[in-house]
Amino acid sequence: MKYTQILIALCAPAMALSFTSCGKKTTSGSAIQINGSDTMLQVGIAWADAYKAVNPDVTITVNGEGSGTGIAALINGTVEIAQSSRALKPEEIESIKASHGGVAPVEHIVGYDGIAVFVNKDNPVKSLSLAQLKEIFGEGGSIDNWSQVGGNDLKMVPVGRNNASGTYAFFRDTVCGKGVEYKNAVSPQSGSTAVVELCTTTAAGIGYSGMGYINPNVGVLSVSKEDGGPAYEPNAKNVGSGDYPIARPLYIFTVGEPSGAIKDYLDWIKGPGGQAVVEAEKFVPLPQ
Amino acid sequence: MATKKTSFRGLGAKFLDGAEPLIRILIYASGWSAIIFVAAIFYFIFQEAWPILPRVNWGDFFFTNDWVPVPAEGNEATYGAKSMMYGTFAVTIFSMIIAVPLGLGAAIYISEFATGKVKETFKILIELLAAIPSIVWGFIGLVVLNPIIQSVFGVPVGVNLLNGSIVVAFMAVPLIVSISEDALRAVPDSYREAALALGASKWEIVYRVLFPAAKNGLLAACMLGVGRAVGETMAVLMATGNGMVIPENFANPAILLDKVRTLTATIVSELPDSVHGGDHYRMLFVIGIVLLIFSVVINVTSDIIVKGIKGDQKNA
Amino acid sequence: MERRKVLVEGIAKKVMLVAALCLIVPVLAIIAYIFYKASPVLGLDYLWGVPEGGGTGGGIWPPLIGTFFLVLVSLCICAPIGIMAGIYLNEYAPDNWFTRIINMAVTSLAGVPSIVHALFGVGAFVLTFGMGESLLAASCTIAVMTIPVLITSTREALSAVPMAFRQACWNMGATKWQTIRTIVLPNSISGILTGVILEVSRAAGETAPILFTGAAASIPFMADSLGDKLMPYFLGDKFMALSYHLKVVADKLNDVPEAMKYGTAAVLIGLIFILNSFSIVLRMYLRSRKKW
């Protein structure tokens, strides 16, 4: 019977799979699952790639759809490490404790990230103050044309991240201040790359994203704390010194103090090897 | 050798015959599985959304425009999905404006005018068109159509309602073509012959005979196209620009160049960032419920339109 | 009068032809463009290589084999259920309201948006059934999503077998199952296989349902180990998939060379087209040797 043979042929690999299945890949050493921030996806992949040379026995899976996913995965116990661009919320700490027998999450700061303000490369405006940014991005703000800040007569196209991303909340809280939401005109893009891409191709674009996403094809504004004050470029030196006003830590969360392979990995990240990667990915390394 | 094989086969056949009661149970269970799956989808989505359902302010949800799930300090989170409803609605309408004429036209051409090799080729190409994955369409919208729209219309951003509608139209069209074609083919040939005998041209047959005879099927094809457009996710995420703005003047064609955001794109872009088990997370499942109910209503209605309330399976 | 009729006829025919061409030509042009842009990287090294920096360089073997595994596992789950459901609906189901509801459930299931399937996958397989984000959870989600494809095509294949064949078999004293097994299935196997291939091509392209149920942006690969290359993922592991990889390189990573983006898209399109061509060829072959 031809068709039974075909059915058996279909089912055989399934059997084989299910026999070998279900275990994580323990044969070739330990496995670390990482999930979390979209901003930290690229640096996370770079760490994992570089760590292969240090310890080839550890398989590190990296994912990065958003900080919330990483923390949710930590709560569910499906990952060992959550990368996040925001601090844990109280209800998340409670959930982690509840699902891990009272063990609290531990926060590791592994670097810093300046949020750069991106514009088109040809835009004559080179710097803005926090107050001007608030007028551009904040609800009820009065600036919607580049001529109002010394640029060409072009209607601004402000873009941002989606409403729930860590970067979204951080930029708003730093730039717009307490109780002020974004304008409705600030359209959320699907990720950091999309924001930068849009500013690269759009003459009137203005958007924010991690400074890891700076590339030679896009313009980056210097930002000053006060109108008329000194404006600083988002670079490692200015973020490290605290002069650049829109900067935040990059977090890694584990459940309880890490041990074994995970501890080795985190120690390596915080050490010179991992910090070199942080710098190569255009984030700001920890002060040594 | 040959006998051995036969006896093995005989043994297998005996085994398979003996297993008939068991197999019948499996077949019945599988047959009913579709109901179980649909019920399970409802159950699990309601399960995740359940805790917030009594607290949802449905008036705000449908009629206000503020979707601020992670508010600034001191503010309350608000969940007004009107702009996303508008986005989904606008993408659906404009994509159907493109897809329905093209789809019906192509279906009529393929089913009534084309013959032989041409007909086969078109059918195969339409089938391949249907196979292009959503994510590839999103890629086409983002990387290929985006610069084209920018230069044709002189706008700064080419991912917008127009881009999304074109992409979704092309995704929905194969469905419309194949279902319309089925509907046209289901019209008995005797109708065509009768009209021919009366001296009608092919176009008159299509216009005067086939349209009225197949109107239910054609309507269902368009409805399923609407269902596809509303549910489309990855492509609209990448091609519509995700702006939450409702235009003030709908008569202005410039709204085509506005960024819009659909219900589906909201779920896929915000779910990863939401606090698991939090209000925001559950509100995204509430959006899922809205989409689910809408899609089931569309599909069941179009099913009833085609087959009638009692359902004539054999003609399906 | 007659001349006007001919004129209208000609115009109508042209308009319909243009509509059909409007669907096909731009899409073929865009696909050709994608392949043209991808041509600098397309090659065995690219297919067999391992991504560097999550996709900014190197090849795409891990997502390719990941898609293969996803398709295989989902097929193993939904092929038996889908085919048996098709058998049930065509051979066993009585003509009553309950069957009508099943049919409506099948159409509804086919029309449920992929993102809703994704939410279902998260709620059911990842959380409630404790599979976590894994190949198994993603395959189950895809399986539920693609089952209607199989049910419909199996039912169509079975209903194409003439009733007289069955009656002849029953008259010889065969039971219902014997008839199905020895007469109906062997005569419709090609049609069922067409459905299987369509399911495969659908499963290979889906992104939203695997996004939250098991796809990973990057998994380090031992580039030199053949075993790792051929059997990289187990059921409990996360996996890379071609469709999600395309989203990552197109939309998430910075500094991805253009050719890498187009390359991923080209490979995905190529894979889907090859699978669909199989099903088309199979169907033509079937039609050419049909005995009744």
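Magnitude of the charge dipole for the protein assembly as shown, about its Cα centre and with charges confined to Cβ atoms of Lys, Arg (+1) and Asp, Glu (-1), is about 3880 debye. Here A:S142 and B:I148 are evaluated by their C-beta separation; at R0 = 45 Å the FRET efficiency comes out at 0.85.
Placing unit charges on the Cβ atoms of the charged side chains and taking the dipole of chain A about its Cα centre, the candidate lying farthest along the positive direction among A:G166, A:Q42, A:A280 is A:Q42.
Reachable aspartates and glutamates from C:K37, Cα under 13 Å, same-chain residues fewer than 8 places away excluded? By straight Cα distance, C:K37 reaches C:E258.
Would you give the gap between the C-alpha center of segment C:203-220 and the C-alpha center of segment B:34-68, rounded to a whole Å? Here the two parts' Cα centres lie 25 Å apart. For the residue pairs B:K215/C:K5; B:K119/C:K176; B:K215/C:K247, alpha carbon separations beyond 31 Å are given by B:K119/C:K176; B:K215/C:K247.
Toward the positive end of the charge dipole of segment B:65-180, with +1 on the Cβ of Lys and Arg and -1 on the Cβ of Asp and Glu, the farthest Cα among B:T121, B:A131, B:I148 is that of B:T121. Dividing the helix sum by the residues of chain C, where each DSSP H run of 4 or more adds -39500 (n - 2.57), gives a mean residue ellipticity at 222 nm of -22500 deg cm²/dmol. Pair-distance distribution of chain C: all C-alpha pairs, bin width 10 Å, starting at 0; shares per bin in whole percent are 6, 22, 27, 23, 15, 7, 2, 0. Spin-label model, C:M284 to B:N57: label points 7 Å out along the Cα-to-beta-carbon direction sit 6.2 nm apart. With R₀ fixed at 51 Å, the C-beta to C-beta distance from A:Q288 to C:S277 puts the FRET efficiency at about 0.30. Across segment B:83-220, the mean sequence separation of Cα contacts (distance under 8 Å, 6 or more residues apart), normalised by length, yields a relative contact order of 34 percent. Charge dipole of segment B:83-308 (Cα centre as origin; +1 on each Lys and Arg Cβ, -1 on each Asp and Glu Cβ, all else neutral): 340 debye, rounded to the nearest 20.
Can you grab the distance from the C-alpha centre of segment B:226-267 to the C-alpha centre of segment A:106-176, Å, no decimals? For segment B:226-267 versus segment A:106-176, the Cα centre distance is 24 Å.
Here chain B is scanned for GluC sites (Glu not before Pro) in DSSP loops (not H, G, I, E, B) that have at most 10 other Cβ atoms within 10 Å, and the longest stretch holding none of them is B:77-247. Mean residue ellipticity, 222 nm, helices only, chain A: the sum of -39500 (n - 2.57) across DSSP H runs of n ≥ 4, divided by residue count and rounded to 500, is -10500 deg cm²/dmol. Which residue, A:S30, A:S259, A:S222, has the most motion in a Gaussian network model of chain A that connects Cα atoms within less than 10 Å? Result for chain A, Cα springs under 10 Å: A:S259 fluctuates most. By the count of neighbouring beta-carbon atoms within 10 Å, fewest first, B:I255, B:I36 end up ordered B:I36, B:I255. Overall, the anisotropy analysis places segment A:113-247 in the rounded class: the square-rooted eigenvalues a ≥ b ≥ c of its C-alpha gyration tensor yield a/c less than 1.5.
Label positions at B:R24 and B:A194, each projected 7 Å from the Cα along the C-beta direction, are separated by 4.5 nm. Taking the charge dipole of segment C:181-292 about its Cα centre, with +1 at Lys and Arg Cβ atoms and -1 at Asp and Glu Cβ atoms, the residue from C:T264, C:S188, C:F278 reaching farthest to the positive side is C:S188.
Under 20 Å from a label point set 7 Å out along the Cα-to-Cβ vector of B:T121, the amide N atoms of segment B:160-174 belong to B:174. In the Gaussian network model of chain B, springs joining C-alpha atoms below 10 Å, which of B:R228, B:R208, B:R282 carries the largest mean-square fluctuation? Maximum among the listed residues: B:R208. Pairs on different chains or at least eight residues apart, Cα atoms closer than 20 Å: how many lysine pairs in segment A:184-288 fit? Counting lysine pairs in segment A:184-288 gives 4. What you get for segment A:113-247, charging only the Cβ of Lys and Arg (+1) and of Asp and Glu (-1), is a dipole of about 120 debye around the Cα centre. When chain B is treated as a Gaussian network with alpha carbon springs shorter than 10 Å, the biggest mean-square fluctuation among B:A34, B:A235, B:A114 belongs to B:A34. Neighbour counts of other Cβ atoms within 10 Å put B:T233, A:T174, A:T39 in the fewest-to-most order A:T174, B:T233, A:T39. Applying 1/(1 + (r/R0)^6) with R0 = 35 Å to the Cβ-Cβ distance of A:I109 and C:I101 gives a FRET efficiency near 0.05. If you take the square roots of the eigenvalues of the alpha-carbon gyration tensor of chain B and sort them as a ≥ b ≥ c, do you get rounded (a/c under 1.5), prolate (a/b over b/c) or oblate? In terms of gyration-tensor shape, oblate.
Using the rule -39500 (n - 2.57) for each DSSP H run of four or more residues, divided by the residues of chain B, the 222 nm mean residue ellipticity is -21500 deg cm²/dmol. Computed extension length for B:T78-B:N216: 45.5 nm, one decimal, from 0.36 nm per residue of separation with the Cα-Cα distance subtracted.
Full extension of the chain segment joining B:K14 with B:A39 gains 5.3 nm, where the gain is 0.36 nm per residue of separation less the Cα-Cα distance.
Rule-based calculations on the coordinates, nothing more; no lab input. Since we're looking at a predicted model, the values are computed, not measured. Here Cβ is always computed from backbone atoms with ideal geometry, including for glycine, and neighbour counts include all displayed protein chains.
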